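Trainee: Take a look at the following structure, please.
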Amino acid sequence: MPTYLDETGNLLNSSERYFIVATFTSNEPSKLAKAFRKWQKNKFPKQLKNKAEVKFNNPTLDDTIRLKTIQHFVEQGIHIFYSYLAIKNIPVTYRRKNKVHDTGKLYLEIVASTLDLQLPLTTNEFRVIRDQRTTKGMSNTEFNEALKIRLLPKLPAKTPVHIDIVDSTASPQVQIADWICGALARYYEKKRSGEKFFELLKPALLKGEELFAAKNWEK
């Protein structure tokens, strides 16, 4: 059962206050992908019906369809784990002259901490599927290997760990992760309809954690 991962926010030069990494699992990821594509063709505006990728923040969408789409995803039985952090709380370890540096290592810490929320595993492998992302200071291969090294000591012996990088245009599941991140960002940034998005997500939220601050919660 793969874990799909995406993020929202910018660790550098961001006008947003929060950075969020969200993951989700599904017992039937192929069925979920088909449900998204069917929903897209039946419910989205004409110009988006056959588009390879539709992100949460697509300007063609309004909040009415965004809310209905989030509800549709939750109704498919997804399970969400996520971490969030206030940009102002990024530790001095990752700052130089009051500016954020080593964003590759910082992103690694955030992703690893988010994946930790799923442990202990109930499956015989750990497969993570994430969107392509530039990780400053390390290549994608270096990032994936560092992430495996971080995860392996916390897993049962000989558990295979796979980190796959995909093009989100070819992965409806990764696009769903983008939608989850977008909805969570609306809530934490206190933007329009944020409370409504969070209420819709609640049945699927298994665990969330604020990083670099002592405010954690668990369902």
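The numbers here are math on the coordinates, done by the rules we state, and not lab data. The model shown is predicted, which means the values in this text are computed figures rather than measured ones. Don't worry about glycine lacking a Cβ; one is built from the backbone with ideal geometry, like all the others, and counts go over all protein chains shown.
Trainee: At R0 = 35 Å, how high is the FRET efficiency between S139 and K41 if r is their beta carbon distance? Nearest 0.05 is fine.
Mentor: Rounded to the nearest 0.05, the efficiency is 0.40.
Trainee: Determine one quarter of the surface area of the Cα convex hull of segment 82-166, which equals its mean projected area, and express it in nm² to one decimal.
Mentor: 6.1
Trainee: What Kirkwood radius, in Å to one decimal, follows from the Cα pairs of segment 1-126?
Mentor: It works out to 16.9 Å.
Trainee: I'm checking a number: the convex hull volume of the Cα atoms of segment 19-87, normalised per residue, in Å³. What is it?
Mentor: 106
Trainee: Given an 8 Å cut-off on Cα distances and at least 6 residues of separation, report the relative contact order of the chain as a percent.
Mentor: The value is 31 percent.
Trainee: Under a Cβ-only charge scheme (Lys and Arg +1, Asp and Glu -1), can you give me the dipole magnitude of segment 77-219 about the Cα centre, in debye to the nearest 20?
Mentor: So the magnitude is around 560 debye.
Trainee: Run lengths n ≥ 4 of DSSP H only: what is the helix-derived mean residue ellipticity at 222 nm for the chain, with -39500 (n - 2.57) per run over all residues, to the nearest 500?
Mentor: The per-residue figure over the chain is -11500 deg cm²/dmol.
Trainee: Please name whichever of I80, L155, L121 sits farthest to the positive end of the charge dipole of the chain, dipole taken about the Cα centre and charges placed at Cβ: Lys and Arg +1, Asp and Glu -1.
Mentor: So the residue we want is I80.
Trainee: Moving on. Determine the equivalent ellipsoid of segment 59-98 by diagonalising the alpha-carbon gyration tensor, then write out the semi-axes as square roots of 5 times the eigenvalues, largest first, rounded to whole Å.
Mentor: Taking √(5λ) for each eigenvalue gives 35, 16, 6 Å, largest first.
Trainee: I need the Debye-formula profile for the chain: one equal scatterer per C-alpha, no solvent, reported as log10 I(q)/I(0) at q = 0.09, 0.13, 0.18 1/Å, two decimals.
Mentor: Taken in order of the listed q values, log10 I(q)/I(0) reads -0.35, -0.75, -1.44.
Trainee: Can you tell me the mean projection area, over all orientations, of the convex hull of segment 122-194's alpha carbons? Units nm², please.
Mentor: 6.9
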